[in-house]
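Right, one structure below, let's go through it.
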Amino acid sequence: MVTTHYRRVLSRRTVLRGAGSIAIALPFLEEMTTRSVYAAQPDPPARAINLFFGLGVPKQLQAGGFTESLAPLQAVADKISMIRGINQYESDGPENNHFDGAGAAFVGAEPQTVSVAGGPSLDQVMLNELYPGGPGTLITTLMMGSFFRRKLESDLSLTRFVHCWNEDGTPVDLPIETPAALFERIFGKGPVSEGPEDIKARHYERSVLDSVLDQYEYYQGATAGLGGSSKAKIADHLDKIREMEKKLFPEELPCETPMAPGDLPLLHGQDVDAGGGGPTLEINEWTAHWQLMADLYALAMQCDVTRFGMVMFQSAGERIKLQGDYDYNGTTVTFDDPAHSVGDGGSHEYWHAYNPSSPHPEMLWHTHYIMSQLVYFLQRLDDPAYPDENGGTLLDNALITMASELGNGNPHDVESVFHLIAGGNERFKLGQIIDVNRSGTELYSTLVHGYGIDRTVGTQSAFGGDIDEILA
């Protein structure tokens, strides 16, 4: 007589559910896969994230590889490839190229207006082609970013800060720009359209984790069928969520008097840059704000709450003015942009005044700081505590495409626009600097073709074939 033993298999998207709409997804556990020890490792789900930063990296700085202003990229150099020589000539329309270049990022076509792209972004092409019935995640497309430049007279100028576009070029959504709102979106406390004041009005009386205590105790018990390592991972995972929550809601919870969600001191909203001169930011405040948002977004991906979206560090044509000390590998640089700015534009004017033979030091350090913060996000995706089914990290498996708006500042050109790729689950060559002379359309189309999608992303006339140099 043969006795067959059955092992409890949990859903890849198992969640702890609490009161109201709170749903806290679990990290991947070994009980979530059905494969035997003799079977091939399953492919992880397809994911695509567009990672954007404003202004760009002049081609002369790109020529040095992961050195000088791009030195922070060395920390993940074996898991990324910089693709040099990508142009966006098809986007060079009648509008200011801050709009056109930013609107062409991840799209490869000239925007229809400053608020409507010329077609779908590559992440939405992948979403619609690979998941025609939807990806089955709590959030279909998650968009977040710290951004400020958004107005041109009466126009909202969405191409400056939206980088996920529908088939008809309309924006998928607006990015979430505060940690409190992002926390609420991930944990289902309210729709993304709610503003900061709406969030403040719904005081927290207790931690979100209190709502899922019953489910947590169930999974820690004998009847759930989880092993000791999985139980420990769940406990560590919830501790991580609680630490993020404490940063946003510093009062001890529960408390007798409900406290409104805490706001970091960074200003946000439509009026923050109403005059066009750019906000003055303390670098430590901006760093804390960005890194908390990066932690939250990475957590949403690690728990399979979302698979598609965008992460933006700053908007196109940014005029941010930094103040304070920036520490990197034992070197301290003191920013004082309001005193050093050329005109009233801060980083924007440094960048436009770039001279390869005599670069403005503030421009070089601004670029360095931007790269360090983008690398912070990439490293959060590379957390081995949250492995995929195949044992790799999100940085190994998700398609991450990094892009900016322009190539060089003075002429507002769209030649040699900075691009970087990561992940793709061994579909692409990584750990390299690859020189090509190709269009954004060809790059984005090659990336989706790597997933077996037979479509051109961008301007059809600009597609002359795949970029074979990047295909594994």
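Data overview
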read-out: Test: P265 is at pLDDT below 65 and closer than 24 Å to I370 by Cα; value: yes
read-out: Residue check, A201 loosely packed, with under 12 Cβ neighbours inside 10 Å, modelled with pLDDT under 75 and aliphatic (A, V, I, L, M); value: yes
read-out: Where H348 falls short, out of the listed (1) at pLDDT 90 or above; (2) in a helix (DSSP H, G or I); value: (1)
read-out: Qualifying position, being of a type in the set (V, I, T), over 17 Å from the mean Cα position of the chain (by Cα), farther than 25 Å from D382 by Cβ and surrounded by 23 or more Cβ atoms within 10 Å (Cβ to Cβ), among V57, V125, V107, V114; value: V125
read-out: Options I400, I370: the member that is in a strand (DSSP E or B), under 22 Å from the mean Cα position of the chain (by Cα) and closer than 23 Å to I49 by Cβ; value: I400
read-out: Residues satisfying the stated conditions in region 41-68, i.e. of a type in the set (G, A, S) and free of Cβ contacts under 8 Å to residues at least 40 places away in the same chain; value: A63, G64
read-out: Residue check, T393 among the β-branched types (V, I, T), loosely packed, with under 15 Cβ neighbours inside 10 Å and farther than 24 Å from N97 by Cβ; value: no
read-out: Pairs with Cβ under 7 Å, 6+ apart, first in region 108-120 and polar (S, T, N, Q), second crowded, with 19+ Cβ neighbours inside 10 Å and outside any loop (DSSP other than H, G, I, E, B); value: S115/L158; S115/T159
read-out: Pairs with Cβ under 6 Å, 6+ apart, first in region 434-460 and in contact (Cβ under 8 Å) with a residue 40 or more places away in the chain and over 17 Å from A109 (Cα atoms), second among the polar types (S, T, N, Q) and in a strand (DSSP E or B); value: I434/S81
read-out: Boolean, T446 is part of a strand (DSSP E or B), in contact with a helix residue (DSSP H, G or I) (Cβ under 7 Å, 6 or more places away or on another chain) and of a type in the set (S, T, Y); value: no
read-out: Selected residue [under 18 Å from the mean Cα position of the chain (by Cα) and more than 30 Å from I139 (Cα to Cα)] from P45, P72, P94; value: P72
read-out: Which numbered condition G119 fails, given (1) surrounded by fewer than 22 Cβ atoms within 10 Å (Cβ to Cβ); (2) out of contact with any Pro (no Cβ under 6 Å at 6 or more places or on another chain); value: (1)
read-out: Residue within region 137-159 that is surrounded by 24 or more Cβ atoms within 10 Å (Cβ to Cβ), assigned to a helix (DSSP H, G or I) and at pLDDT 90 or above present; value: yes
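The rows are residues; the columns are (1) touching a residue at least 60 places away in the same chain (Cβ under 8 Å); (2) within 22 Å of L55 (Cα to Cα); (3) assigned to a strand (DSSP E or B).
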| residue | (1), (2), (3) |
| --- | --- |
| T287 | yes, yes, no |
| L292 | yes, no, no |
| M301 | yes, no, no |
| M310 | yes, yes, yes |
| G317 | yes, yes, no |
| T332 | no, no, yes |
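The values are calculated or read from the model by the stated rules, or taken from the named source; none is laboratory data. Since we're looking at a predicted model, the values are computed, not measured. Backbone-built Cβ (ideal geometry, glycine too); neighbour counts: all protein chains shown.
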